[in-house]
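Working notes for the structure below.
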Amino acid sequence: MESPVLFSEFNLRGLRLDNRIIVSPMGQHSAEDGFVNDWHLAHLGQLAVSGAAVVITEAVAVEPRGRISPGCLGIWSDDHIEGYRRIIDFAARHGNSRMGIQLGHSGRKGSVSQSWYGQKSLADDEGGWEIFNASAIAYPGRKTPTAISKDQMAEVVQQFADAARRADRAGFDLIEIHAAHGYLIHSFLTPLLNRREDEYGGSLENRMRFGLEVFSAVREAFPDHKPVGVRVSATDWIEGGWTLEETIAFADALKQRGCDFICASTGGVAPEQDIPVGPFYQVPFAEAIRRETGITTMAVGLITEPQDAETVLREGKADLVAIGRAMLYNPRWAWHAAEKLGGKVYYPKQYDRAHPSMRRNNAFIVYRERD
C-alpha cells in the first residue's frame, strides 16, 4: 500500500512536523483577564497527545481591547507567560505535537459576550471596552468602533511584536497571525470596512500596508528558525469585498517578507456574506494561493474524513490540513485516520494498549521524543 501523504513528514522553516495534520485554532472563551486556566490545560493537553503535528491555540489577544469576549486568552503581559509554559511543558513531556499560538486583535468585532450568550455587544457597565477598526463602521447590531489613529496603529504593531517575544519565552514553536474573519487586520484589507483616505486606505497596496507592518514586526521579534504564518479570509463572499486575487497579492507580499505559510479561510466580515458551505468549499482558495505564489498553504473548513484530507494533499491542493470542529468532536481523529489510511502516528505510552493493532499482536505505535 502506498504510504499516505497525510502521515508524511514536512518541514516549516526549522520546524520538523511528523505529519500534515494541524489542529486549527478554536475559541474557548474561558479565560479571565487573559490568563490560562485548567480548562485550557485539559483542552490543549488532550490535543497535544492526539498525534497531530501541530496544535494552535485559539486567538490570543495582544492587548485587552483586542479580545473578542472577556473570556479570550491574552499575552499582553509577562504575567501570562507562565500559564502557557505549563501547557507547553505538558505537551513536551506527554505528547509529540508542536505547539503554535495564534496572535490576534478583534478590532470592531470585540467587546461582545461569549458565543453561548449570543455574542451580544457589551456596554461599559457590562464590562465592555472601546473597540477600533480601520474606519468607523459598525458590525450590524453592535456598537460603532473608533477609526484607529496612526499612533494607535503603531502601538498595535508594537503589541504584536511584544506578544511574539513572550510567545517565544513561553516556548511556542510557531506563530499564526490572525488576519481573517473581519478582525482588525482584515478590516484594513477589505474595502467594505476600510474607507480611509490616508496611506492605509484606497489602493490594494495601501490596504495591505498595516497587515504587512504587523507581520514584519512579528517576524523580526520571533526567532528566525521558528515559523510565522498568516490566516486569511481569501474572499469576503460579498460583492465589492476582498477577493481571491487580492489575497494572492497579499500572500505574495507576505512570502517576500519571510512568511512561512498561509491558512486559507474565508468570510467573517459581515452577516450578508453568501457562503456555499459544503465539503472542500475552501480548498480551492488554498490551492490557488499555493499555485500562484508557491507558498506553503493549509486547507481548512469541513474537511472531516481522513480520505478527504489525504485527497487534498495527494492532489497537491494544499501542503497541510487544518482540522477544527472535527477534532473537537473526536480528539482521536489522527489515530483513527492512521488506522484507516495505514499510517504511523504518535500514541502516548499510557494509551498504547488501546490501539487496535495490539489486538492483532502487530503494534506500530510510534514513540518519538521531541527534538
Review point. Where the centroid of each part is defined by its Cα atoms, how far is the stretch 159-181 from the stretch 247-319 in Å?
Key: 21 Å
Practice item. State log₁₀ I(q)/I(0) for the stretch 44-99 at q = 0.15, 0.26, 0.29 Å⁻¹ as given by the Debye formula over alpha-carbon point scatterers of equal weight, solvent excluded. Key: -0.47, -0.98, -1.07
Review point. Where does each of I56, I323, I175 land when they are ranked from fewest to most other beta-carbon atoms within 10 angstrom?
Key: I323, I175, I56
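Suppose every K and R has +1 on its Cβ and every D and E has -1 on its Cβ; what is the size of the dipole of the chain about the Cα centre, in Debye to the nearest 20?
Numbers: 41 positive and 48 negative charges, 229 e Å.
The calculation lands at about 1100 debye.
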Check your understanding: How large is ³J(HN,Hα) for each residue in the stretch 37-49, as worked out from phi by the Karplus curve 6.51 cos²θ - 1.76 cosθ + 1.60 (θ = phi - 60°), to whole Hz, x for Gly and Pro?
Key -> 9, 4, 4, 5, 4, 5, 5, 6, x, 5, 6, 5, 9
Exercise for review: Provide the percentage of antiparallel DSSP beta bridges, counting only those with both residues in the chain; round to the nearest 5.
Suggested key: 10 percent
Review point. Taking amide H positions as placed 1.01 Å from N in the peptide plane, with prolines and chain starts having none, which residues 5 or more places from I177, or on another chain, fall under 5 Å of its amide H?
Key: L103, G229, V230, R231
Review point. Along the positive direction of the dipole of the chain (beta-carbon charges: Lys, Arg +1; Asp, Glu -1; about the Cα centre), which of Y347, L103, M153 reaches farthest?
Key: Y347
Point to revise | Integer Hz, Karplus 6.51/-1.76/1.60 couplings in order for the stretch 122-131, x for Gly and Pro | key: 9, 6, 4, 6, 9, x, x, 8, 5, 10
Check your understanding: Under a Cβ-Cβ cut-off of 15 Å, what is the net charge of the residues other than A138 that fall near it, where Lys and Arg count +1 and Asp and Glu count -1?
Key -> +4
Review point. How big is the charge dipole of the stretch 256-359 about its Cα centre, in debye rounded to the nearest 20, if each Lys and Arg gets +1 on its Cβ and each Asp and Glu gets -1 on its Cβ?
Key: 560 debye
Review point. Amide H to amide H, which residues 5 or more places from R98 or on other chains are under 5 Å from it, using H placed in the peptide plane?
Key: V54, V55
Check your understanding: Helix 283-293 versus the longest principal axis of the chain: what angle, 0 to 90°, nearest 10, using Cα atoms?
Key -> 80 degrees
Review point. What list of whole percents do you get for P(r) of the chain, with Cα-Cα distances grouped in 20 Å bins up to the one holding the largest distance?
Key: 31, 59, 10, 0
Review point. Between the stretch 208-243 and the stretch 83-150, how many Å separate their Cα centres?
Key: 17 Å
Check your understanding: Along the stretch 205-217, what does the Karplus equation 6.51 cos²θ - 1.76 cosθ + 1.60 (θ = phi - 60°) give for ³J(HN,Hα), rounded to whole Hz, x for Gly and Pro?
Key -> 4, 5, 5, 7, 4, 5, x, 5, 5, 4, 4, 4, 5
Point to revise | Burial ordering of C263, C72, fewest other beta-carbon atoms within 10 Å first | key: C72, C263
Practice item. May I ask what percent, to the nearest 5, of DSSP beta bridges between residues of the stretch 1-100 are antiparallel? Key: 40 percent
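Computed from the coordinates by the stated procedures, all read-outs in this text should not be read as laboratory data. Nothing here was measured: the structure is a model prediction, and the numbers come from that model. So basically every Cβ, Gly included, is an ideal-geometry build from the backbone, and we count neighbours across all protein chains shown.
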